[in-house]
1. When only residues in region 127-139 that are within 14 Å of THR86 (Cβ to Cβ) and touching a helix residue (DSSP H, G or I) at 6+ places or on another chain (Cβ under 7 Å) count, which is least open to solvent (accessible area, probe 1.4 Å)?
2. Looking at region 198-220, is at least one residue open to solvent by 10 Å² or more (accessible area, probe 1.4 Å), within 14 Å of the chain's Cα centre (by Cα), more than 18 Å from THR286 (Cα to Cα) and not basic (Lys, Arg)?
3. Based on what the data block shows, is TYR106 under 22 Å from GLY25 (Cβ atoms) and either part of a strand (DSSP E or B) or not acidic (Asp, Glu) (or both)?
4. Out of (1) open to solvent by 60 Å² or more (accessible area, probe 1.4 Å); (2) in contact (Cβ under 8 Å) with a residue 12 or more places away in the chain; (3) hydrophobic (A, V, I, L, M, F, W, C), the odd one out for VAL290 is which?
5. List the residue pairs whose Cβ atoms are under 9 Å apart, where the first residue sits in region 247-262 and is free of Cβ contacts under 8 Å to residues at least 60 places away in the same chain, the second is crowded, with 24+ Cβ neighbours inside 10 Å and among the polar types (S, T, N, Q), and the two are 6 or more positions apart or on different chains.
6. Search region 209-227 for residues that are touching a residue at least 12 places away in the same chain (Cβ under 8 Å) and pair each with any residue that is assigned to a helix (DSSP H, G or I) and open to solvent by less than 60 Å² (accessible area, probe 1.4 Å) when their beta-carbon atoms are under 6 Å apart and the residues are at least 6 apart or on different chains.
7. Within region 16-36, is there a residue that is in a helix (DSSP H, G or I), farther than 19 Å from ASP145 by Cα, within 23 Å of the chain's Cα centre (by Cα) and in contact (Cβ under 8 Å) with a residue 24 or more places away in the chain?
8. Kindly establish whether SER354 is of a type in the set (Ser, Thr, Tyr), closer than 21 Å to ALA292 by Cα and either surrounded by fewer than 17 Cβ atoms within 10 Å (Cβ to Cβ) or touching a Ser or Thr at 6+ places or on another chain (Cβ under 9 Å) (or both).
Amino acid sequence: VRVAMLRCLLALVFVVSFVSGLNNGVGSTPQMGWNSWNYYACDGYNYTVLRQTVDAFFTQGLYAAGYNYLNIDDCWAEYYRTSNGTLQPDKQKFPQGETMQDLIDYVHQRGMLFGLYSDAGERTCANHDPGSLGHEQIDAQTFADWGVDYLKYDNCNNEGERALERYPPMRDAILSTNRPLFFSLCEWGRERVPTWGRAVGNSWRTTKDISDHWESMLYNLYLNNHWVDYAGPGGWNDPDMLEVGNGGMTTTEYISHFSLWSLMKAPLIIGCDVITMDATTRGILTNTEVIAVNQDSRGIQGKLIRSPTDTTEVWAGPLTNGNVAAILFNRGRSAANITMEWDDLNIIPSVTASVRDLWAHKDLGTFSRSYTGLVESHGVLM
């Protein structure tokens with residue numbers, strides 16, 4: 001918030017204390033990209049689909065908007081390791097002439113980054129691929145040799161061992177390769193992972209898996225908000241991937257989902273089919289004004305500030321250059337007027353502030369003391 005003029009971005013962000021993260025040179029802002037699981041699950045993808053997805057980053061405007069990771073989730077590997085103990089790509093998904101290495105090279109040629117999935121257990125969650133428990137060093141070196149830039153590390157089939165015992169060995173193995181690699185801990189929010197995740201990875205799941213419906217989005221939203229003080233540059237709270245475009249919520253609800261994830265400095269990992277996504281989905285995912293809130297260099301996670309009623313909320317948080325991002329959020333079944341007080345934003349009431357609507361892409365005027373907006377059911381003003 002500037003002394004003379006405040007630019008409020010209606011989409012609740014708020015103050016989060018800054019702490020340094022894992023010093024591996026990545027994760028200064030929340031990761032942005034795409035992951036195969038939410039849409040394709042285990043069997044719906046192969047080399048051709050993934051290469052078309054890379055191309056869609058450019059034809060759909062995703063790369064220009066800041067998305068740069070292509071991440072393959074579970075079921076990319078053969079059931080068994082090779083005779084020398086290394087993981088090997090599934091030969092049906094990645095046949096001769098369309099190999100995993102070919103795909104990784106293509107991703108890098110397009111200027112993007114490549115991510116893979118493994119598990120801190122004996123096998124992955126789909127029981128399809130070998131897990132990395134006990135194979136951390138050989139797997140980390142394999143990933144480095146292939147040119148992998150990102151590792152999502154899941155928590156299934158873990159033999160009852162604590163996460164604090166299973167996740168650091170992979171961190172150490174990755175660091176030993178000297179390859180900068182974003183380490184995403186998919187620990188599901190067990191064992192109070194935000195309290196130790198920053199020393200191990202670049203992001204950590206604070207929740208169970210998201211589903212493509214309103215109640216699941218809300219559940220993960222409020223769990224993630226609980227850990228607001230642990231996020232910052234180098235390490236981010238992760239309420240799971242985006243469901244925008246998968247069809248289980250309304251357009252209004254998807255806008256709320258994307259706005260709140262952006263304000264919370266959550267990873268923006270797309271989970272829909274970007275090859276055939278429609279203009280509405282593209283418009284949500286490529287709103288550069290909302291993305292700018294997520295990628296703000298201060299890296300302060302926005303949070304729930306106040307609930308004027310049982311179903312209306314004000315979320316907010318500071319940005320660089322004295323600006324503040326704010327969201328007026330209506331969980332109710334009918335439209336409601338929601339008032340954001342300057343006190344909610346730590347602004348002196350007498351200060352005149354300029355308010356901009358990030359979804360309408362227009363300035364709303366200058367205000368003092370407060371701003372009131374009419375918010376539709378399940379919607380936001382940001």
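The values are calculated or read from the model by the stated rules, or taken from the named source; none is laboratory data. In this text, all values refer to a predicted model and were calculated from it rather than measured experimentally. Don't worry about glycine lacking a Cβ; one is built from the backbone with ideal geometry, like all the others, and counts go over all protein chains shown. The area values use the complete protein model at the heavy-atom level, side chains included, leaving out ligands, DNA and RNA. Shrake-Rupley method; radii C 1.70, N 1.55, O 1.52, S 1.80 Å.
1. Checked region 127-139; the qualifying residue least open to solvent (accessible area, probe 1.4 Å) is SER132.
2. Checked region 198-220: at least one residue is open to solvent by 10 Å² or more (accessible area, probe 1.4 Å), within 14 Å of the chain's Cα centre (by Cα), more than 18 Å from THR286 (Cα to Cα) and not basic (Lys, Arg).
3. Values: under 22 Å from GLY25 (Cβ atoms): no; either part of a strand (DSSP E or B) or not acidic (Asp, Glu) (or both): yes.
When the stated conditions are applied, TYR106 does not pass them.
4. Looking at each condition in turn, VAL290 falls short on (1).
5. MET249/SER256; TRP261/ASN224; TRP261/ASN294
6. ILE210/SER216; ILE210/ASN220; TRP214/GLU253; MET217/HIS257; LEU221/LEU260; TRP227/PRO194
7. Step one: of region 16-36, the residues in a helix (DSSP H, G or I) are none.
Scanning region 16-36 turns up no residue that is in a helix (DSSP H, G or I), farther than 19 Å from ASP145 by Cα, within 23 Å of the chain's Cα centre (by Cα) and in contact (Cβ under 8 Å) with a residue 24 or more places away in the chain.
8. Details: of a type in the set (Ser, Thr, Tyr): yes; closer than 21 Å to ALA292 by Cα: yes; either surrounded by fewer than 17 Cβ atoms within 10 Å (Cβ to Cβ) or touching a Ser or Thr at 6+ places or on another chain (Cβ under 9 Å) (or both): yes.
Here the answer is yes, as SER354 does meet what is asked.
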